[in-house]
Amino acid sequence: MKFIFIDGYNVINSWSNLKHEKEVSLDSARQKLIDILHNYGAIHGCKIMLVFDGYKVARNLESKYEYNKNLTVVFTKSGETADAYIEKEIHNIGRRFEVSVVTSDSLEQQTIFQRGATRISCVEFYNMIFDTSEDIKRTVRSKTNAVRESTVQDNIDDDILKKLEAIRRS
């Protein structure tokens with residue numbers, strides 16, 4: 001099982017499409033990111049932990065929402081950063097799984113490496129998401145074209161086709 005931990009606000013502030021969405025509504029930007037990650041996790045079969053800071057929100061309690069088996073969204077408690085939460089979880093997982101952390105925070109990098117995880121920058125992850133999206137579009141287009149090119153004659157046995165042709169001519 002592969003785990004991907006994502007510093008949510010770090011990604012929102014790094015991706016231009018989400019940054020623009022945030023200007024309209026932070027909730028909307030978060031939901032758009034959740035939707036993107038939901039699809040990515042399902043396609044790649046990895047467990048994604050999307051973590052949002054709650055450290056500046058007074059009396060905020062930690063909350064977790066499981067969207068499906070592949071995506072969990074966490075809002076940290078008051079006084080806890082996303083980085084601290086991710087570090088704690090990586091420490092708990094240990095080196096039993098393949099773990100990546102999506103963040104552009106270079107200070108986080110040292111702790112991540114010490115715990116056996118790899119770092120993916122927000123820009124690299126955006127490119128991974130984009131490539132996956134393009135792969136899906138190509139697959140859908142090729143399957144759609146294959147269906148359009150298929151005829152009834154392609155799916156009928158030759159003997160039956162001859163009999164139908166004889167009936168048509170008579």
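The values are calculated or read from the model by the stated rules, or taken from the named source; none is laboratory data. Everything quoted here is computed from the prediction, not taken from an experiment. Don't worry about glycine lacking a Cβ; one is built from the backbone with ideal geometry, like all the others, and counts go over all protein chains shown. With ligands, DNA and RNA removed, areas are computed over all heavy atoms of the protein, side chains included. Shrake-Rupley method; radii C 1.70, N 1.55, O 1.52, S 1.80 Å.
So here's what we get for this one:
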read-out	value
Highest-first arrangement of 35-47, 14-26, where packing means the average Cβ count within 10 Å	35-47, 14-26
Proximal charge balance of residue 1 [Cβ under 12 Å; K/R count +1, D/E count -1]	+3
For segment 2-131, alpha-carbon Rg relative to the globular expectation (2.2 N^0.38 Å, N residues)	0.98
Note, ³J(HN,Hα) from phi for segment 76-84, Karplus 6.51, -1.76, 1.60, rounded to Hz, x at Gly and Pro	6, 6, 3, x, 10, 7, 4, 4, 5
Derived scalar couplings ³J(HN,Hα) [segment 20-25; Karplus, 6.51 cos²θ - 1.76 cosθ + 1.60; whole Hz; x for Gly, Pro]	5, 5, 4, 4, 7, 6
Integer Hz, Karplus 6.51/-1.76/1.60 couplings in order for segment 132-137, x for Gly and Pro	4, 4, 5, 4, 5, 4
Residues whose placed amide H lies under 5 Å from that of residue 80, excluding near-sequence neighbours	54, 55
Per residue accessible area of segment 2-131, 1.4 Å probe, in Å²	52
Protein-only accessible surface order, largest first, of 125, 3, 97 at 1.4 Å	97, 3, 125
Antiparallel bridge percentage (DSSP; both residues within the chain; nearest 5)	20
Out-of-range pairs (alpha-carbon distance over 30 Å; input 22/47; 32/77; 2/77; 19/47; 137/162)	137/162
Other-chain or far-sequence residues with amide H under 5 Å of residue 98's (modelled H)	3
Accessible area of segment 1-83 belonging to carbon and sulfur atoms, whole % at 1.4 Å probe	50
